[in-house]
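The values are calculated or read from the model by the stated rules, or taken from the named source; none is laboratory data. Quantities reported herein were computed from a predicted structural model and do not represent experimental measurements. Cβ atoms come from the backbone with ideal geometry, glycine included; neighbour counts cover every protein chain shown. Accessible surface areas use protein heavy atoms only, side chains included; no ligands, DNA or RNA. Shrake-Rupley method; radii C 1.70, N 1.55, O 1.52, S 1.80 Å.
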Amino acid sequence: MTPPIFVGGMGVVGGWTIARTLPTTAPVAERASSIITGSYVPSFVYQITKYDPADRDEHGNYTGVEDSTSDHGPVESAYLEAVAAFAAATGIDHLAVREPQIAGFAHFGLEPAIEGHGLDGLFPPDLTGFYDGAEVSLSVGLELVRAMLRDNGAWCRLEVEDAFSVHVGWDQYVYVSSCKPCESALARTRALGLFPERLQASPYDAGFDEVGAQRPADEDFWARLRWSLAMRQAAILEEGYVDNASRWHRLTENTLETVRTRLTPRAKLTVWPDLSDDVDAVLATLPDEGPVEFVWEDGAGAITSTIAHETEYQALAAQVAGARAAAALPLDVEARHPLFTAVVPDSDGVLRARWRTEQTPSDRHWALLKTLRRGQIVTGMVTEIASSGVTFVNIGGFTAMINIPELSWRRIDHPSDIVTVGQEISAEILDVDLVRERVPLSLKALQKDPMQQLVQQVGRIVTGVVTELVPFGAFVRIEDRDEGLEGLVHITELSEEPVADPGDVIQVGDPLLVKILDVDPTRRRIALSHLQALAHGGP
């Protein structure tokens, strides 16, 4: 049976989308055309194998006698010598580890995975130093190639940007790419009894679906995380220190910075809500069949995860006895619901890790909000008018909002006086809040402020309608429209005689002659006088 092909740590086993497996890869060079290549494409790419091209059938399948596993001896040494020859011909003495992975619960190698993933002696037991972008000497790089040839349980790309790369594939297919033709290395490879073949590209060049922007763990991300902690939305940080394995951290506002300083360079970060403190209830809800990722926090506060099948639930329950909290996460990425994700950028702020996280709604919101700016005009559809009076507007999949004062320059009783659900409107962005993921809009910002026009009418005498009586005077609508602008006639401006109660001289609904004394657009105030209107010739 041909093993499944995994790209970027994802694959399907038994109908499940698996998020934590060692990637198995194409066994023959002919698959190169089916793999999307990344941006790194050196001019000279060679497939190096122990398989004689003469021993292939018409379909390109190998029919010779060479075993597809490592001999841990002369042939393996020949591979390493060949890689070293190409590195020397290119002038390479150091390599960068890219997209490192270790064996997860599913392993499809022909040789059994060993403890330590074949990295013992190269990296500490916690794999410190085995991370994306880590620079290793050529000698360490060759030992990594050896571990991959043996399928010991670790895999990575080894590269020097724009100059050199080594990829180890399924069935001991090795791909060396160089910016130089490396004729001496080719001759040495043939002398070692191996078969180099020129290709257009390595089938293991980094290839990723570019769907949306990858969110970096920048200051905006950490501010969002702090706010989420304060709001008790977030509590757990999953650190993907290699492509398919994680460390888990409990977060508090006091420990966040400490956790941040200890993260693996270029790690994938996933933010989760808190675990459930009812561990028995979590165990009781495990699916009847299929694998699940079980995450638990032990009595000492350490958080661990494991992949378990239904046949292992009894052993799992024993393993997590005494745990203070737990969660069961489906392996199907569509059913997993983290809060938001990111990838750690380099110290200069540049995001160089090529792997991607599964986008959450929050990540998609972030990608849209990064394209918005204050003062920008956007078009959207009114989706809801809340009982609080807030109007919600869909702008490109994100829900923005308009508060009542931003709907109109004039006083309104309800948003429905201005907008209706389903209506398409244009509005101006007042702010872009990446932390709380809020975008307030203004509809009135695209309208002319009628008060600005009224400034030109200071001193004019007009007839208005009394709309409201207050202890200190009366409000008078001075525009002939239901939502017309209103000004205040102070109680001292109502009559020459002292007035104790405005109701003694006027009533709501009465017409009243007034003079416009002052218009303040900033404070939204209009001062009127009935007395001065009469003094200037009014009836």
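Quick notes on this structure:
- Extreme residue, positive dipole direction of the range 298-427, given options Pro345, Leu316, Ile303 (C-beta unit charges): Pro345
- Peptide packing: for 420-429, 94-103, the average count of neighbouring Cβ atoms within 10 Å per residue gives the ranking 94-103, 420-429, highest mean first.
- Fully extended contour minus Cα-Cα distance, from Glu253 to Gln200, at 0.36 nm per residue: 13.9 nm
- Listed residue (Ile412, Asn254, Ile48) projecting farthest to the positive dipole end of the chain, Cβ model: Ile412
- Highest mean packing first, where packing is the average number of other Cβ atoms within 10 Å per residue, the peptides 266-272, 247-253, 120-126 line up as 266-272, 247-253, 120-126.
- Simple label model, 7 Å out from Cα along Cβ direction - Ile377 to Thr467, nm: 2.8 nm
- Relative contact order of the chain, taken over Cα pairs closer than 8 Å and 6 or more residues apart, is 11 percent.
- Only helical runs count toward this figure. For the chain, summing -39,500 (n - 2.57) over DSSP H runs of n ≥ 4 and dividing by all residues gives -4500 deg cm²/dmol at 222 nm.
- Solvent-accessible area, 1.4 Å probe, carbon plus sulfur percent, for the range 179-276: 49 percent
- For the range 324-381, with +1 on Lys and Arg beta carbons and -1 on Asp and Glu, the positive-most of Val378, Trp366, Ala325 along the dipole: Val378
- Accessible-area composition of the range 363-472, carbon plus sulfur, in percent [1.4 Å probe]: 49 percent
- Taking every C-alpha pair closer than 8 Å and separated by at least 6 residues, the mean separation divided by the residue count of the range 318-404 gives a relative contact order of 16 percent.
- Over 31 Å apart at the Cα level, from the set Lys50/Lys180; Lys268/Lys444; Lys50/Lys268, are Lys268/Lys444; Lys50/Lys268.
- Ranked order, Cys179, Cys156 - accessible area, probe 1.4 Å, largest first: Cys179, Cys156
- Computed over the range 231-301: relative contact order in percent, which uses C-alpha pairs under 8 Å that are six or more apart: 33 percent
- Length available on full extension from Glu479 to Asn394: 0.36 nm per residue minus the Cα-Cα distance, which gives 27.2 nm.
- Charged-residue dipole, Cβ positions (Lys, Arg, Asp, Glu), the chain about Cα centre, Debye nearest 20: 1280 debye
- Only Cα sites of the range 404-494 enter the Debye sum here, all with the same form factor; the resulting log10 I(q)/I(0) across q = 0.13 1/Å is -0.61, listed in q order.
- The chain: DSSP helices with Cα axial extent of at least 18 Å and average Kyte-Doolittle hydropathy no lower than -0.5: 74-90
- Share, in percent, of DSSP beta bridges within the chain that are antiparallel, nearest 5: 95 percent
- Treating r as the C-beta distance of Ser184 and Asp71 and R0 as 30 Å, the FRET efficiency rounds to 0.70.
- Relative to the globular-protein estimate of 2.2 N^0.38 Å, the Cα radius of gyration of the range 296-441 stands at 1.54.
- Here the range 49-100 is assigned +1 on the Cβ of each Lys and Arg and -1 on the Cβ of each Asp and Glu. Its dipole about the Cα centre then comes out at about 240 debye.
- Between Ala500 and His536, the FRET efficiency estimated from the beta carbon spacing at R0 = 22 angstrom works out to 0.25.
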